[in-house]
1. Can you name every residue in the stretch 117-145 that is of a type in the set (Gly, Ala, Ser), surrounded by 15 or more Cβ atoms within 10 Å (Cβ to Cβ) and not in a loop (DSSP other than H, G, I, E, B)?
2. Of (1) within 30 Å of Glu178 (Cα to Cα); (2) modelled with pLDDT of 90 or more; (3) not in a strand (DSSP E or B), Gly114 satisfies all except one. Which?
3. Here are Arg288, Arg341: which of them is surrounded by fewer than 18 Cβ atoms within 10 Å (Cβ to Cβ), outside the structural domain of Tyr374 (by TED's automatic domain parsing) and assigned to a strand (DSSP E or B)?
4. Kindly establish whether His221 is within 16 Å of Val250 (Cα to Cα), surrounded by fewer than 18 Cβ atoms within 10 Å (Cβ to Cβ) and in the same structural domain as Lys254 (by TED's automatic domain parsing).
5. Based on what the data block shows, is Pro484 more than 27 Å from Leu528 (Cα to Cα) and without any contact (Cβ under 8 Å) to a residue 40 or more places away in the chain?
6. Which ones in the stretch 184-233 are assigned to a helix (DSSP H, G or I), closer than 16 Å to Val261 by Cβ and acidic (Asp, Glu)?
7. Hey, which of the strands (runs of 3 or more DSSP E) in the stretch 410-508, taking only ones fully inside, have at least 2 residues that are of a type in the set (A, V, I, L, M) and not assigned by TED's automatic domain parsing to the domain that holds Tyr392?
8. Taking the stretch 350-374, which residues are in contact with a helix residue (DSSP H, G or I) (Cβ under 6 Å, 6 or more places away or on another chain) and either among the basic types (Lys, Arg) or at pLDDT 95 or above (or both)?
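The values are calculated or read from the model by the stated rules, or taken from the named source; none is laboratory data. Predicted, not measured: the structure shown is a model, and the values here were computed from it. Cβ: placed from backbone, ideal geometry, glycine included. Neighbour counts: every protein chain shown.
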Amino acid sequence: MELEMLKEIEELPEDLLKEGVETMQLPKEGELVEGTVVKVEGDLVFIDIGGKSEGVVPLSEFGDRIPKIGENVLVYVEKAEGTKGVKLSKYKADFEKAWDKIWEAFQSGELVEGRITKRVKGGFMVNIFGVEAFMPRSLSGDVGRTRTLSVGKTVKVKIIKADRQRKTIIVSRKDALEEEEIAIKKRLAELKPGMVVKGHVSGIIEHGIFVDIGGVEGFVHISELAWHRPKKIEDLVKLGQEITAKVLDVDPEKKRISLSVKQLLPHPWESVAEKYPIGSKVKGTVKRIVDYGAFVELEPGVEGLVHISEMKWGRPPSHPSEMLEEGQEIEAVVLNVDVERQRISLGIKQTQPDPWTTVQERYAPGTTVEGKIYDFDQYGAFVELPDGLVGYLHVSNISWTRKFRHPSEALKKGKSMTFKVIGIDEKQRFVELSLKHLTENPWPKIQEQLAEGTAVTVKVKGASEAGLIVTLKGDGYEIEGFIPRSQLVTRKRPTDYEVGTDLNVAVLSVEPNRKRILFSEKLYDRMLRAQERAEEKKEIERVARKMKKEKAVVTLGDILKSEMEHLKKIKEE
């Protein structure tokens, strides 16, 4: 304030006010002083620098942040105008504070790291050592249609001008890129496959890590980090961590360096055969479940496979997930070790007693057992038996008299049934079962009842070009038969016969092994005509005997003629 204003407000004697102003200690121009933020108003920051002096700093000099009230700030005194106030600069204070570092980097040509704070006319402002420097667009290295620079991006730059008096710094990213390119080429020329290098993890992505190995970056694929594949790369390495790696390949043109960490580590399979002998019990963790089994980790980099058939005795599960889940700890037995192919076969069922050892005692031939059908193949049905054993029902043992092309024609999965044991297959580890042996074999009775030439009535079941398929119902059985086309008396094709039609036929042959009987319409027709001829002959003989008894006057010819006419009338009726 001016002296007159102080006198008016304070109402103090002029000589006393003059003495107070003269004795007040004001900051000197060019000094660095520490002040306290007392107010932020508009685009100005008010700072108390002591001695009842308050100065202002443009808010823009704080960059992209707003200072807090009470915050201590180092400022540069640009003008000390006494009662008219003090002009301050945070930028110049930062400049002076950082000058030694700026000058050292300028003199040595060292590349420094800077952050782009804003775009300005003709270029960018870049913060280095806490001070804003100007980077002309021509020196930004950002050329062409694709622009790579943006506010907030960190870049390497070279200081090409540093003027302390004018507080001016000019930097060049273009020069930095050129020097980095020379350094990279030199470093790439030094690196050879097989070399061992040290570096720091500079980046982590889903498929691997980037490693700074002295001015250039190498890449370690996830498959080259360890002998086992981790769930997350961060489980193995952290950003900034120092690692040692082996150079696998160097491509100077593409500036690519392939590295490996695992190849400097002992291979876990070198001692697998000794650590996991066949027959030994091991513990592991289920890592992956697939349709045909589960992969179990015994140690990092060493996995074994439990095939679905080795999960339990007898019927295997429909899917491995019925018995196991990922992350589960299990005990298993080593079945086989193939070091060359890096495969270990494991079995879970071998940790439990084998029920097959007592199968002879519990499933003697002739024994009746309960079981559930769980699967089919082309020739029969698989049956789940008690105690974890498997039974097998061949399609030929379903029925004594009926033939089935596939077991599913007569049976359903999931159905519980009673079976009779007819044998034990040691090689396949099956209990041989039968349904038909629960009842008596009807074929001896059928052969006795249906001798060749026996006349019967059958029902048409189906037809083919070869003949007719028919069924015959007997005493307690229904059997399938066949009439060859050559044994049909009509001139129709077999396919012209309607299903369900009854036919009179004669037995040609009985074939128990093929579960069928051959029938013939022609044979039945011949038998019928033969029977008629026999009846005619019998009638003639009867009439002759009658004539002889009666000693009739009429001639034998007249009698025969009369009788033949009589027979003819009977047939017509």
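1. Gly123, Ala133
2. With respect to (1) within 30 Å of Glu178 (Cα to Cα); (2) modelled with pLDDT of 90 or more; (3) not in a strand (DSSP E or B), Gly114 is out only on (3).
3. Working: Arg341 fails: assigned to a strand (DSSP E or B).
Every option except Arg288 fails the conditions.
4. Working: within 16 Å of Val250 (Cα to Cα): yes; surrounded by fewer than 18 Cβ atoms within 10 Å (Cβ to Cβ): yes; in the same structural domain as Lys254 (by TED's automatic domain parsing): yes.
In short, yes.
5. Details: more than 27 Å from Leu528 (Cα to Cα): no; without any contact (Cβ under 8 Å) to a residue 40 or more places away in the chain: yes.
No: the conditions fail for Pro484.
6. The first filter runs over the stretch 184-233 and keeps only residues assigned to a helix (DSSP H, G or I), leaving 184-190, 222-224, 233.
With the extra rule that they be closer than 16 Å to Val261 by Cβ, the set shrinks to 222-224, 233.
Matches in the stretch 184-233: Glu224 only.
7. Numbers: elements: 416-425, 430-434, 455-464, 467-473, 478-484.
The strands (runs of 3 or more DSSP E) meeting that bar are 455-464, 467-473, 478-484.
8. At the first step, the residues of the stretch 350-374 found to be in contact with a helix residue (DSSP H, G or I) (Cβ under 6 Å, 6 or more places away or on another chain) are 355.
Matches in the stretch 350-374: none.
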